[in-house]
1. Assuming a ≥ b ≥ c are the square roots of the Cα gyration tensor eigenvalues, decide whether the chain counts as rounded (a/c under 1.5), prolate (otherwise, with a/b larger than b/c) or oblate.
2. Of LYS44/LYS300; LYS122/LYS316; LYS123/LYS279; LYS12/LYS279, which ones are farther than 29 Å apart at the Cα?
3. Going through the cross-link list LYS132/LYS175; LYS52/LYS175; LYS148/LYS216; LYS108/LYS176, which pairs have a Cα-Cα distance over 18 Å in this structure?
4. Using amide H atoms built in the peptide plane, which far-off residues or other-chain residues are under 5 Å from GLU162 H to H?
5. Where the centroid of each part is defined by its Cα atoms, how far is segment 367-392 from segment 112-172 in Å?
6. On full extension of the chain, what length is gained from ASP321 through GLU125, given 0.36 nm per residue of separation minus the C-alpha to C-alpha distance?
7. Exactly which GluC sites (Glu not before Pro) in segment 190-279 are in a DSSP loop and have at most 13 other Cβ atoms within 10 Å?
8. If you restrict to DSSP beta bridges whose two residues both lie in the chain, what percentage is antiparallel, to the nearest 5?
Amino acid sequence: MSNKIKNLFYSKQSISNEDIEKVVETLNSTFLTQGPMVPEFEKKFADYSGAKYGVATNSATSALHVACMALDLGKGDWLWTSPNSFVASANCGIYCGANVDFVDIDPKTYNISVNALEEKLKKAETEGRLPKIVIPVHYAGQSSEMEKIFALSIKYGFKIIEDASHAAGAEYKEKKVGCCEYSHIAVFSFHPIKIITTIEGGMALTNDENLAERLKRHKSHGITSDNRFMEPRKNDEIWNYQQITLGYNYRMTDVQAALGISQLNRIDSFVSSRRNIAKFYDESLSSTGYILPFQNGNTKSSYHLYPIRVNIEKCKKKQKDIYDYLEEANIFANLHYIPIYRQPFFEKLGFKEGYCPESEAFHRETISIPVYPDLKREDQERVISVLTEALI
Ligand SMILES: *Cc1c(COP(=O)(O)O)cnc(C)c1O
């Protein structure tokens, strides 16, 4: 080994020999796509999360798009989400021709603020522009306050898509995120940095059979081979499928699903490693002046991210100083997130700086430090000591 200091990243996949064997086995099988692996993965992930139906896609982005389509989002409709997310949480609304708007975050949990949501709904009601869909994002793997958001959805008549891209294996009120008790659809990402990976990939979960059928159809060209949905045609013609709406090719391959099935065997150990690292950071960094991630009592985070906030009032150092100091020590932290509406694309739609002050303050003060299953204790200790030195 050279004496070069190891590079640490904020997140990283964990691939085992079993994963590799399962992928190779599928590569040597008859079906590389549209075979048995995708339905098996859908069933296993839905069972694990406590939902009735799973529809696998080639990314969470496409799962969010078909989820919006399944809920009939279209021109003139409004979709609201949290600005503290990846751009995909908002782009899905734009894909459908809808208007997108943002609700500021809770300064403690960094998830969509239920109070801000309620205030905005009251105002939107008087203006006749209530949202059709609200997408709470479970930031860093901690569930949003779904029971309260669900109560608001009943009162104001919107549908809920959970963006659970960070939250596979997380819990809310003793149940797995994804069980859809307080939502219509929950979407997960299997990008390599997320909790489990299919390289690229995603899944939409739901308990509604009709929504499941629509999700499935929209992700594959708008095609169905289910007689219940097909139009009658002449008896002497073969109609083994029909395209009945416009859809896309957003399918996951069987090779990816095979990797997903194998990864799912280790999801609990992945999540518990992440929780152990978070606990170690909580203990080791508690007296340093950083603001550590707050956990709501009824949630159990999957710790996709471990965001630390530089306490501007207490510290002489700024976020950028800490970020650069880490980088000099080969620790490549990251930023989650630039408020979506501050991206040039969204500014062109009319959003201005200052729109969601809590999200903007969060963006200026926070960095995500390394957390992933294969991060060794000695690496965690290095992160802690560099972070501690960085404040001096
Ligand atoms: C990663 C992520 C997505 C997009 O996931 P892909 O699978 O890369 O399309 C969407 N929303 C959030 C919150 C994410 O973190």
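The values are calculated or read from the model by the stated rules, or taken from the named source; none is laboratory data. If you're wondering where the values come from, they're calculated on a predicted model, not measured in any experiment. Neighbour counts run over all protein chains shown; Cβ positions are idealised from the backbone, glycine included. Ligands, DNA and RNA are excluded from the accessible area calculation, which covers all protein heavy atoms including side chains. Shrake-Rupley method; radii C 1.70, N 1.55, O 1.52, S 1.80 Å.
1. Working: a/c = 2.16, a/b = 1.31, b/c = 1.65.
It comes out oblate by the Cα gyration axes.
2. In this structure, LYS122/LYS316; LYS123/LYS279 exceed 29 Å between Cα atoms.
3. From LYS132/LYS175; LYS52/LYS175; LYS148/LYS216; LYS108/LYS176, over 18 Å: LYS132/LYS175; LYS148/LYS216; LYS108/LYS176.
4. HIS184, ILE185, ALA186, VAL187
5. 33 Å
6. Fully extending the segment from ASP321 to GLU125 adds 66.1 nm.
7. Numbers: sites: GLU200, GLU209, GLU213, GLU237; in loops: GLU200, GLU237.
Answer in residue order: GLU237.
8. Numbers: 24 of 39 bridges.
Taking every DSSP beta bridge with both residues in the chain, the antiparallel ones total about 60 percent.
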